[in-house]
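Data block below; observations after.
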Amino acid sequence: MTRSGTTSRTPTSTELINAGFIAAMAAVAVWAAWPIYQTGYLLVTAIGAFLASALIAWFGRLRSSSWTTVALITLGAYLVLGVPLALPAALGSVPAALSGVLDVVVATVFSWKQLVTISIPVGTYQSMLVPMFLLLLVCSTVALSLTWRASRRGALAVPVMFVAQLFGLLFGSGEESTPTSGPGFLVAGPREAAIGLAALIVAVGYLVWRVKQERSAAIRVTASASGVRRRRRTAGAANRVRQALLGAGILLIAVSVAVTTVSTFARPAEREVLRTAISPDVDLNDFVSPLTQYRGFFSADAYEAELFRVTNASPEVTRIRLAVLSHYDGQVFRTVDPARGDSARQTAFQRVPSVLDAAGNPVSLDIELGDYGQVWLPTAGNLTSISFTGDNEQSLADGFFYNRDFASGVELNGTTSGDGYSLTAALPPDSTALADLEKPSTSAGLVDESHIPESLREWVQAQEVSSDGAGLEVLITRLRERGYLSHSIATPPGDSGWLAALGGAPFEPSLAGHSMERVGTLFTTMLDKQNLVGTTGGSLVSAVGDDEQFAVAAALLAQNLGFPSRVVLGFVLAGESTGIPACTDGVCAGKNLTAWVEVAGADGTWVRADVTPQHEVPLAVLEEERSDPQNDTEVTQSSAIEQLPPDADPSSGDDEPATEEPPADALGWLWPLLRGVGIGLLIAIVVATPFITILLAKAKRRFDRRRAVEPTTRIAGGWDEYLDSAVDHGLPAPEILTRSELADAFATARGSRDGSGVLLAELADAAVFGPIPPNEQGSDAFWQLVDSERALLGEGSSPWARARAALSLRSFSRYLGDGRRGKKRYSQMTYRQGTRGVSQ
């Protein structure tokens with residue numbers, strides 16, 4: 001006979017059927033989580049986690065192990081199996097596998113939020129499989145332990161497995177599956193409804209099976225005790241078939257009505273999941289709009305500086321994208337919607353898995369960064385995969401965030417010269433011309449009308465063109481033809497730089513900035529010149545600026561006609577002419593930075609339009625005296641930083657001798673050390689938290705008992721403390737024995753007859769049932785005796801045994817135990833049968 005009364009060490013058919021129901025619930029959980037991963041390795045993770053949980057639960061049943069022991073074994077299995085089942089990328093070498101164990105521990109805490117801030121499907125990317133592996137292992141272990149070891153609490157396996165099933169719905173996509181309709185019905189989200197239906201059927205089937213088995217077991221026990229045998233009905237099989245069909249029909253009708261009703265009348269506008277409720281991690285408001293930094297790339301220092309080098313590029317790759325700016329607030333063109341902030345999901349930059357899905361022509365290229373140092377990472381097309389190389393490979397991978405709608409990415413961990421990466425992408429077909437665009441029927445994606453300069457509207461009216469795509473193409477062409485390229489307000493020094501590259505074109509000063517006032521000045525100038533000379537009376541070149549102003553002007557022209565538009569900063573590789581020199585042999589410098597606009601049509605297709613003004617035709621001289629521009633340069637207060645002289649003392653304002661600064665890498669060793677210590681502390685905290693919680697709970701329970709208001713309550717609590725300590729040290733939990741009998745049984749089990757426990761029992765009985773209530777001194781003396789007896793319980797035990805007793809949870813569950821099991825254990829210890837004392 002085994003412990004806890006188990007009579008067999010091999011699973012019976014009933015236990016296998018119970019395990020089958022739990023496995024079916026786990027399969028529903030995997031089905032619900034499939035859209036998150038969409039990789040066959042999820043099946044390996046799920047099967048491995050379930051088999052491990054089955055072995056742990058069966059071992060705990062055979063050994064009658066406590067829940068603490070089962071939890072510790074589960075924790076060990078999680079650490080050992082985490083790498084092969086949840087981190088397949090770490091299986092390449094032994095060092096990688098050992099490092100993967102650390103990644104599993106860290107992912108236990110951080111991978112949950114990472115999973116809702118990364119684009120799905122994630123596949124086997126980094127540690128994204130860890131949450132699913134952890135849930136299946138823990139939930140399956142608990143559910144199997146409940147269904148195999150505790151008949152009364154076996155029904156709790158259903159809500160336990162429901163937690164695992166809920167994971168896929170909460171951490172998945174907010175988009176519903178395609179609705180299914182038919183004659184007289186509509187099912188919105190049929191996949192989600194099917195998952196819920198499957199979970200319901202399996203749970204109901206499991207509960208019905210449990211009730212049937214408990215009823216059959218009760219009948220067998222009754223028949224064995226009475227000697228009466230149940231007569232087998234000849235028509236029982238037919239009745240059972242009819243009952244099963246009737247139940248299945250009722251269930252099918254109820255589910256059909258419920259699904260149809262909910263889908264038709266209670267369908268939410270948008271399914272809310274964690275992914276839609278958690279704001280993006282990237283706060284792009286912390287970064288200056290890259291369009292405001294455009295002219296800095298044409299300064300003397302940055303003009304010829306190599307920013308990055310493109311190699312092994314497919315011939316179809318003609319442009320490199322940096323930033324995409326789609327929102328205008330009248331002052332700055334930015335990525336983030338100023339009205340919604342960083343919570344807008346459309347503008348959210350998210351971590352992306354190793355492989356993305358994208359439609360288009362597949363291309364590839366390699367990029368090696370030089371003197372770049374910007375947060376916007378050069379990409380091309382719609383990214384499908386990216387892999388970083390070099391010493392900062394892991395840091396760059398952790399800091400890369402991407403936006404699929406914009407086809408642009410950011411690197412938050414910073415880049416250094418020599419960093420590189422390889423990427424594959426999909427280039428959408430460029431088959432639609434700007435003139436062929438159809439105007440969208442809605443105003444979605446358009447800027448506020450108050451942010452469009454009035455001079456722009458007047459200039460558009462003066463052109464007398466249509467408001468369709470053909471008219472927009474004419475407007476942008478005229479804008480470029482009547483503009484003149486200039487990158488500065490003062491003449492560049494020397495014989496090199498952007499002015500020399502224009503081939504002798506005369507210099508014209510122009511202000512930076514792209515506020516509504518600055519852009520409105522462009523159209524005011526062009527409108528005044530057109531009104532002065534007419535459309536055929538002479539040159540109409542009058543607006544001075546560069547891509548910063550003209551890209552915004554073109555984008556607002558499209559917005560004024562009702563076309564959504566956005567500004568894109570990037571580089572043009574050899575093969576296209578936009579007005580800005582293309583990168584030579586794949587080397588992109590500051591002089592090659594350009595901007596263009598993308599305009600969306602009714603079908604959502606984005607069409608590119610170049611906006612760089614011409615420089616062949618010089619600015620026409622007006623009859624009246626020319627004057628310098630009167631617009632003041634706008635300075636944003638948040639980005640203006642006071643620069644002190646190199647030798648200035650900020651505390652006194654006096655000059656002082658310059659001091660030699662330490663080398664940049666003098667403290668380079670400190671951060672890896674602090675990071676290692678921090679990760680070690682995190683691991684220690686994660687591992688120690690359950691044990692610290694148990695110790696604190698026991699200390700709080702002991703404190704409440706010792707500090708009870710009434711002395712009688714204190715003494716009764718002291719006796720309970722003694723019982724809990726005895727139970728945690730392995731003695732059987734009390735069931736139906738009196739205090740004196742328990743004390744005598746404990747002493748017998750320990751091989752001691754010192755009488756201390758018996759004295760505690762007598763004092764407790766006298767305090768609770770005696771005619772004279774105890775006083776304060778008596779309760780304090782009683783607790784001193786309790787402390788002494790608790791110390792004797794661990795006397796002679798090994799340190800491991802004492803630690804196990806301190807962390808045992810048996811004392812918390814002694815009132816929840818099965819009375820029949822407790823009586824069996826007492827009979828095995830030769831305690832007297834049939835005793836009916838005062839229940840504790």
Given the conditions (1) surrounded by fewer than 14 Cβ atoms within 10 Å (Cβ to Cβ); (2) in contact (Cβ under 8 Å) with a residue 24 or more places away in the chain; (3) closer than 22 Å to V122 by Cα; (4) not hydrophobic (A, V, I, L, M, F, W, C), every one holds for Q394 apart from (2)
As an exercise: evaluate D585 against (1) in contact (Cβ under 8 Å) with a residue 12 or more places away in the chain; (2) on the phi > 0 side of the Ramachandran plot; (3) touching a strand residue (DSSP E or B) at 6+ places or on another chain (Cβ under 9 Å) and give the number of the one condition it does not meet. (1)
Residues satisfying the stated conditions in the stretch 304-320, i.e. over 15 Å from D547 (Cβ atoms) and not β-branched (V, I, T): E304, A305, E306, L307, F308, R309, N312, A313, S314, P315, E316
Which listed residue, of L485, L472, is crowded, with 21+ Cβ neighbours inside 10 Å and over 18 Å from V599 (Cβ atoms): L485
At least 1 residues that are of a type in the set (A, V, I, L, M) in each: list the strands (runs of 3 or more DSSP E) lying fully within the stretch 345-447 that qualify. 361-369, 382-389, 408-411, 420-427
Give the stretch 762-784 a look and list any residue that's touching a residue at least 40 places away in the same chain (Cβ under 8 Å) and either outside the structural domain of I715 (by TED's automatic domain parsing) or part of a helix (DSSP H, G or I) (or both), or say none. L763, A764, A767, V768, E776, G778, S779, F782, W783
Exception for S53 within (1) within 24 Å of the chain's Cα centre (by Cα); (2) touching a residue at least 40 places away in the same chain (Cβ under 8 Å) falls at (1)
Looking at (1) touching a residue at least 24 places away in the same chain (Cβ under 8 Å); (2) in a helix (DSSP H, G or I), which one does E508 not meet, given that it meets all the others? (2)
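This table checks each residue for (1) touching a residue at least 60 places away in the same chain (Cβ under 8 Å); (2) in a helix (DSSP H, G or I); (3) not aliphatic (A, V, I, L, M); (4) not assigned by TED's automatic domain parsing to the domain that holds R480.
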position	(1), (2), (3), (4)
H514	yes, no, yes, no
V519	yes, yes, no, no
M526	yes, yes, no, no
K529	yes, yes, yes, no
E548	yes, yes, yes, no
A553	yes, yes, no, no
L557	yes, yes, no, no
L569	yes, no, no, yes
Residue ranges of helices (runs of 4 or more DSSP H) in the stretch 79-178 with at least 3 members surrounded by fewer than 19 Cβ atoms within 10 Å (Cβ to Cβ) and of a type in the set (A, V, I, L, M, F, W, C): 94-116, 157-171
Where residues in the stretch 694-704 are under 30 Å from S64 (Cα atoms) and free of Cβ contacts under 8 Å to residues at least 60 places away in the same chain, which of them is nearest to the chain's Cα centre (by Cα)? L696
Conditions first: (1) without any contact (Cβ under 8 Å) to a residue 60 or more places away in the chain; (2) in contact with a strand residue (DSSP E or B) (Cβ under 9 Å, 6 or more places away or on another chain); (3) of a type in the set (D, E, K, R). R480 passes all but one, so which condition is the exception? (1)
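Looking at T835, is it farther than 23 Å from S66 by Cβ, modelled with pLDDT under 80 and either surrounded by fewer than 18 Cβ atoms within 10 Å (Cβ to Cβ) or not aliphatic (A, V, I, L, M) (or both)?
Working: farther than 23 Å from S66 by Cβ: yes; modelled with pLDDT under 80: yes; either surrounded by fewer than 18 Cβ atoms within 10 Å (Cβ to Cβ) or not aliphatic (A, V, I, L, M) (or both): yes.
So T835 fits the description; yes.
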Do we have V187 as surrounded by 18 or more Cβ atoms within 10 Å (Cβ to Cβ), out of contact with any Lys or Arg (no Cβ under 9 Å at 6 or more places or on another chain), in the same structural domain as T14 (by TED's automatic domain parsing) and at pLDDT 80 or above here? no
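Within the stretch 591-602, identify whether any single residue is surrounded by fewer than 10 Cβ atoms within 10 Å (Cβ to Cβ) and either outside any strand (DSSP E or B) or at pLDDT below 90 (or both), and answer yes or no.
First pass over the stretch 591-602, keeping only residues surrounded by fewer than 10 Cβ atoms within 10 Å (Cβ to Cβ): none.
Scanning the stretch 591-602 turns up no residue that is surrounded by fewer than 10 Cβ atoms within 10 Å (Cβ to Cβ) and either outside any strand (DSSP E or B) or at pLDDT below 90 (or both).
Residue-by-condition table, conditions (1) modelled with pLDDT of 85 or more; (2) out of contact with any Gly (no Cβ under 9 Å at 6 or more places or on another chain):
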| position | (1), (2) |
| --- | --- |
| G390 | no, no |
| D398 | no, yes |
| L412 | yes, no |
| S417 | yes, no |
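The values are calculated or read from the model by the stated rules, or taken from the named source; none is laboratory data. Quick caveat, the model's predicted, so the values are computed rather than measured. All Cβ positions, glycine included, derive from the backbone under ideal geometry; neighbour counts span all protein chains shown.
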